[in-house]
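Novice: Below you will find the structure I want to go over with you.
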Amino acid sequence: MNIQGVRSAAVVYASAKTQVGRHGGEDASSDAGLSKGTSLKLSDEAQRLASADSAAKPMEARTAEEVDQLQRANGLVNTMALLSPSEKQLYNELVAKGDTEAVKGMNLLALSRVGGGEVTLPNGNVFNPSTTAITSENIRNLFSQVFISADKDIDHAFNALARALEGRQSAAA
């Protein structure tokens, strides 16, 4: 997956694995004051969450609050902190309905906000993901253009989110 046009940010949405790289031929752990045999451990809160969640609920089945807590505890990029309360409510509605594709779309939308500022799309359009309203039109024309995926999973996720927004809008009318 490539992220287009994110300025001033290295966006990495990683799993909970810790990778140790090399710097100048030395073990990177020595830069942090760790000896070669030292292992890194999860925080107490992360360990508690992991043991309490032995059923391993899939990410698409977790509420915005659960994802937020998990991301904070594991030191991951906290994308949920970038959603407004009404956007978190929409996220939770999608989870409750079991619309996992639309939930993936919301996660990608939140990820597009990491780094802040404007994004220049491949077609030359410029927009700010943090201040752009979440509408079906903006999902299709702007947010979905931030990411490129050869397998089209991202397109499916954003289309599902756009359809969910349209369904929500027609239900309110």
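Computed from the coordinates by the stated procedures, all read-outs in this text should not be read as laboratory data. On a predicted model such as this, the values are computed, not experimentally measured, just so you know.
Novice: Under 8 Å for C-alpha pairs, at least 6 residues apart: give me the relative contact order for the range 41-172, rounded to a whole percent.
Specialist: Values: 131 pairs, mean separation 27.3, N = 132.
Relative CO of the range 41-172 lands at 21 percent.
Novice: Per 0.36 nm of contour for each residue apart, how much would the distance between residue 77 and residue 125 grow if the chain were fully extended, relative to their Cα-Cα spacing?
Specialist: Working: separation 48, 0.36 × 48 = 17.28 nm, distance 2.62 nm.
Going from the current span to full extension adds 14.7 nm.
Novice: Can you give the Rg to Rh ratio for the range 41-172, taking only C-alpha atoms and Rh from Kirkwood? Spell out each step's value before the answer.
Specialist: On the way: Rg = 15.4 Å, Rh = 15.6 Å.
Radius of gyration over Kirkwood radius for the range 41-172 works out to 0.99.
Novice: If amide H atoms are built 1.01 Å from N in the plane of the peptide, which residues on other chains or at least 5 residues away come under 5 Å of the amide H of residue 147?
Specialist: 4
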